[in-house]
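Undergrad: Before anything else, here's the structure in question.
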Amino acid sequence: MSVDAGHLPTARSAVAGVILRGQTRLHMRKESDARRRLILSTTADLDVDVTVFRAPKDGRSDVERRAACVRALVVAADHPRGTSVCLERDETLVQKDRQWIVEARHRHQGNRQFTHRHESARQEPLLALPDALGWAWAKGGDWRRRCNRSFAVISV
């Protein structure tokens, strides 16, 4: 998912507006269908581009599949004006993510203004968007339609 820097405050505000009091983050797996519909209708109004990096279960481990997705993200995120990527923090994967990003940047030799960081969903509310949109894409049918957007899909 990508958000133009000028749209970040609006997108953060929209996501914050659907987080319930006492809730630290949105997570579609834990939401009721009514809340899922509300979250998806809120995201449908946001000016974001969505790319699904799909690494099928094909004998590779979860870590190998994540590595393929992170490397593909670095190549896909190459933009002349620069790119900043925020990944959800998983302490067991932060160092690996950094290594995969460095490897992909050296191999791709594209954007020199690529930055990345790891945050918790509590610290960066926009991390709820990949969770919500990815969930809806995977569910398909009416859930995917409710996103009101097209999904670019890159298989790795």
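Undergrad: In sequence order, what are the phi-derived ³J(HN,Hα) couplings for the range 67-76 according to the Karplus relation 6.51 cos²θ - 1.76 cosθ + 1.60 with θ = phi - 60°, rounded to whole Hz, with x for glycine and proline?
TA: Per-residue couplings from phi come out as 4, 4, 5, 5, 4, 5, 4, 4, 5, 5 Hz.
Undergrad: Under 5 Å between amide hydrogens, which residues at least 5 positions from Val52 or on another chain qualify, with H placed 1.01 Å from N in the peptide plane?
TA: Excluding prolines and chain starts, which carry no amide H, the hits are Ala152, Val153, Ile154.
Undergrad: Could you rank the peptides 47-56, 130-139 by their average count of other C-beta atoms within 10 Å per residue, with the highest value first?
TA: Numbers: 47-56: 15.5, 130-139: 18.8.
Highest mean packing first, the order is 130-139, 47-56.
Undergrad: Could you provide, to the nearest whole Å², the per residue accessible area of the chain with probe 1.4 Å?
TA: Details: 9260 Å² over 156 residues.
Heavy-atom SASA per residue in the chain reads 59 Å².
Undergrad: Any chance you could give the angle, 0 to 90 degrees and rounded to 10, that helix 8-18 forms with the longest Cα principal axis of the chain?
TA: 40 degrees
Undergrad: Using θ = phi - 60° and the Karplus relation 6.51 cos²θ - 1.76 cosθ + 1.60, list the HN-Hα couplings for the range 27-39 in order, rounded to whole Hz, with x at every Gly or Pro.
TA: 8, 4, 4, 9, 9, 6, 4, 4, 5, 4, 4, 4, 4
Undergrad: Let me ask something else. How many percent of Cα pairs in the range 76-146 exceed 17 Å?
TA: Working: 1403 of 2485 pairs.
Of all Cα-Cα pairs in the range 76-146, 56 percent lie more than 17 Å apart.
Undergrad: Do you know the relative contact order of the chain, to the nearest whole percent, from alpha carbon pairs under 8 angstrom that are 6+ apart?
TA: Values: 175 pairs, mean separation 56.0, N = 156.
Computed over the chain, the figure is 36 percent.
Undergrad: OK, next. Viscosity 1.306 mPa s, temperature 10 °C: what is the translational diffusion coefficient of the chain from Stokes-Einstein with a Kirkwood Rh over Cα pairs, rounded to a whole number of µm²/s? Let's see the in-between values first.
TA: Values: Rh = 16.5 Å.
Estimated diffusion coefficient is 96 µm²/s.
Undergrad: Right, something else. Only helical DSSP H runs with n ≥ 4 go in: add -39500 (n - 2.57) per run for the chain, normalise by residue count and round the 222 nm mean residue ellipticity to 500 deg cm²/dmol.
TA: Numbers: 6 runs with 70 residues, N = 156.
The helix contribution divided over the chain gives -14000 deg cm²/dmol.
Undergrad: Give the accessible area for Arg146 in Å² (nearest 10); use a 1.4 Å probe, count only protein heavy atoms, and leave out ligands, DNA and RNA.
TA: Roughly 80 Å² of Arg146 is accessible to a 1.4 Å probe.
Undergrad: What percentage of the solvent-accessible surface of the chain, computed with a 1.4 Å probe over protein heavy atoms, is contributed by carbon and sulfur atoms? Write out the running numbers ahead of the final one.
TA: Numbers: 4490 of 9260 Å².
That share works out to 49 percent.
Undergrad: Mean 1/r over all different Cα pairs, inverted: what Kirkwood radius does the range 105-155 give, in Å? If you can, show how the numbers build up before the last one.
TA: Details: mean 1/r = 0.0737 Å⁻¹.
It is 13.6 Å.
Undergrad: Shifting gears a bit: To test your reading of the geometry: what angle, between 0 and 90 degrees and rounded to tens, separates the Cα axis of helix 94-108 from the longest principal axis of the chain?
TA: 60 degrees
Undergrad: 5 Å is the cut-off here: which amide hydrogens, built 1.01 Å from N in the peptide plane, fall below it relative to His116, excluding neighbours closer than 5 in sequence?
TA: It is Val85, by chain and number.
The values are calculated or read from the model by the stated rules, or taken from the named source; none is laboratory data. What you are looking at is a predicted structure, and each value in this text was computed from that prediction instead of being measured. A quick note on method: Cβ atoms are made from the backbone with ideal geometry, for glycine too, and the neighbour counts reach across all protein chains shown. The protein model used for the area step is the full one, side chains on, heavy atoms only, and it has no ligands, DNA or RNA in it. Shrake-Rupley method; radii C 1.70, N 1.55, O 1.52, S 1.80 Å.
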